[in-house]
Amino acid sequence: MKPPPFAYARAESLEHALTLLDEAGEDAKVLAGGQSLVPLLAYRLARPTHLIDIGRLPGLDTMRSDDTGLVVGGLVRHHELERSAVLTGPWQVLREAAGLIGHHPIRIRGTFAGSLAHADPAAELPVAATALDASFTVRSTGGDRVIPAAEFFVGPFMTVLEPAEIVVDGRFPAPPAGLRSAFAEFSPRAGDFAFVAVAVAVALDDGGRVRHARIVLGCVGALPLRAGEAEDELMGSALTEQAIDAAARAAAAGCDPVDGPHASATFRRELVAVLVGRTLRRLREDHP
Amino acid sequence: MTWIGEDDSAAVDVVVNGRPTAMRVPARRTLADALRDDGLTGTHLGCEHGVCGACTVLLDGRPVRSCLTLAVQAEGADVETVEGMAEGPELHVLQRAFHENGALQCGFCTPGFLMLALGLLRAEPEAPPERVREVLTSNLCRCTGGGPIVQAVLAAQRELAGDVA
């Protein structure tokens, strides 16, 4: 349970980190908080030749929000999201998701971009970010790319990130007026990987009818899954019990979770329905 | 800074329990192992992959898993371990509360729980009981169960707040 040998360098700036990453070749890894990477090293599931430590680079650890939306720096720690006064209303889902990542000491070190780049199918932030139509800025010595969340994740622990790229920030577009969002998950014990995670964002029009809906599921597939049919059930409805039940059933019917030793596919699908319903009802309470 | 090769050692300067300490470690050495190699064996290693929390130390005042932190990542940081809690023969309030509340049996998880609780009570001295409980779920105890540990931390919290009744 000890990490295998690797060469290590602590970057002094983002530019320095990108240069080191170029030098190190394609079996290098970026180390930020290390809360996912170090366990992989301990298990020898990852054997990078080089680690480039960006954990304390200045400038990547801030959040800002204005009329154009919200930008979350790649090195913002989960516990900062969890306790942020900015992340309410439309952004509430980020705060709630961050508070459910691992345990308190993990959240103190773990980083926003680290969770995205690691792309664990059971991770909370990819699901929450997808529900807010986020894009991620990734940088290499060749320049920047801005990649929508829907294109960023391509499989379990797989993203479109190139070896020489670093996730710099997450960009959340200005939300539709009145957007409210929330997150829920079920895990067997506090802090364990969830069986099912759900991120929901809805906005109502002046008449109290849903005019924007995002329902995204985690842990039921290789990547965050948008429950499009469930969203369709909500659109135009007044978040009535019938509409919520229909959306919950559609979300459950539209996913294909795998059978596992701790949770059967049937159980996970039932959890999807329960969590989608419960989260929508909670958001309805916020819309008096 | 240039590369530290996989067979090389890096100089890491940290302050451990108030004492400036120069370590020489390979890059792959975890902070937990570096501390233990330095004679501070109060930090225990249970699972070595971030699940059990026995290795919890304070890094710049905040509880972290020292098995998930490389020693090189602690460069320039302030590290506190269980050895720094008592003042001579005088137990820290938390240590005494663990003793008085039966919050330890075999003691293997105790240093981690003490550092976790110390970090919490310092950052959030008024943490409500449900928050204390939630943070204490971070670590595993296989003897007492969580109840006495929660009781001990709440008792220490009251004492630290000056409410000794």
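The values are calculated or read from the model by the stated rules, or taken from the named source; none is laboratory data. These numbers come from a predicted model, not from an experiment. Note that we place each Cβ from the backbone using ideal geometry, even for glycine, and neighbour counts take in every protein chain shown.
General remarks:
- Extreme residue, nearest to the other protein chains (Cβ to nearest Cβ), among residues of the range A:93-119 that are over 18 Å from A:Asp169 (Cα atoms) and either of a type in the set (S, T, N, Q) or assigned to a loop (DSSP other than H, G, I, E, B) (or both): A:His103
- Selection of the range A:1-59 for residues being in a loop (DSSP other than H, G, I, E, B) and touching a Cys at 6+ places or on another chain (Cβ under 9 Å) yields only A:Met1.
- Residue, nearest to A:Ile244 (Cα to Cα), within the range A:191-214, restricted to residues that are within 14 Å of chain B (Cβ to nearest Cβ) and out of contact with any His (no Cβ under 8 Å at 6 or more places or on another chain): A:Phe193
- Counted residues, the range B:83-114 - those being in contact with a Ser or Thr (Cβ under 7 Å, 6 or more places away or on another chain) and more than 26 Å from A:Pro4 (Cα to Cα): 6
- The residues on offer are A:Arg211, A:Arg278, A:Arg226, A:Arg282, and the sole one that is closer than 20 Å to A:Leu132 by Cα, over 23 Å from the mean Cα position of the chain (by Cα) and charged (D, E, K, R) is A:Arg211.
So that you can scan it fast, the table gives a plain yes or no per residue for (1) over 13 Å from B:Gly112 (Cβ atoms); (2) part of a loop (DSSP other than H, G, I, E, B); (3) among the small types (Gly, Ala, Ser); (4) touching a Ser or Thr at 6+ places or on another chain (Cβ under 6 Å):
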residue	(1), (2), (3), (4)
B:Ala10	yes, no, yes, no
B:Val15	yes, no, no, no
B:Pro20	yes, no, no, no
B:Asp33	yes, no, no, no
B:Leu40	yes, yes, no, yes
B:Gly46	no, yes, yes, no
B:Ala54	no, yes, yes, no
B:Val57	no, no, no, yes
B:Val72	yes, no, no, no
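- Selection status of A:Val196, of a type in the set (Val, Ile, Thr), touching a Pro at 6+ places or on another chain (Cβ under 8 Å) and farther than 25 Å from A:Gly69 by Cβ: yes
- Taking the numbered list (1) more than 12 Å from chain A (Cβ to nearest Cβ); (2) closer than 23 Å to B:Pro20 by Cβ in turn, B:Ala77 passes all entries but (1).
- Check on A:Leu179, surrounded by 19 or more Cβ atoms within 10 Å (Cβ to Cβ), at pLDDT 95 or above and farther than 24 Å from A:Asp27 by Cβ: yes
- Residue under evaluation B:Glu124, criteria (1) crowded, with 17+ Cβ neighbours inside 10 Å; (2) within 14 Å of chain A (Cβ to nearest Cβ), criterion not met: (1)
- Looking across the range B:84-121, the residues that are of a type outside the set (A, V, I, L, M, F, W, C), surrounded by 17 or more Cβ atoms within 10 Å (Cβ to Cβ), part of a helix (DSSP H, G or I) and out of contact with any Cys (no Cβ under 9 Å at 6 or more places or on another chain) come down to B:Gly84, B:Gln95, B:Gly119.
- Among (1) surrounded by fewer than 24 Cβ atoms within 10 Å (Cβ to Cβ); (2) among the polar types (S, T, N, Q); (3) more than 22 Å from A:Arg77 (Cα to Cα), the one test that B:Thr81 misses: (1)
- Among the residues here, A:Glu12 qualifies as out of contact with any helix residue (DSSP H, G or I) (no Cβ under 8 Å at 6 or more places or on another chain), within 11 Å of chain B (Cβ to nearest Cβ), among the acidic types (Asp, Glu) and surrounded by fewer than 16 Cβ atoms within 10 Å (Cβ to Cβ).
- Filter result (facing another protein chain (nearest Cβ under 10 Å) and more than 18 Å from B:Gly50 (Cβ to Cβ)) within the range A:17-52: A:Leu20, A:Glu23, A:Ala24, A:Thr49, A:His50, A:Ile52
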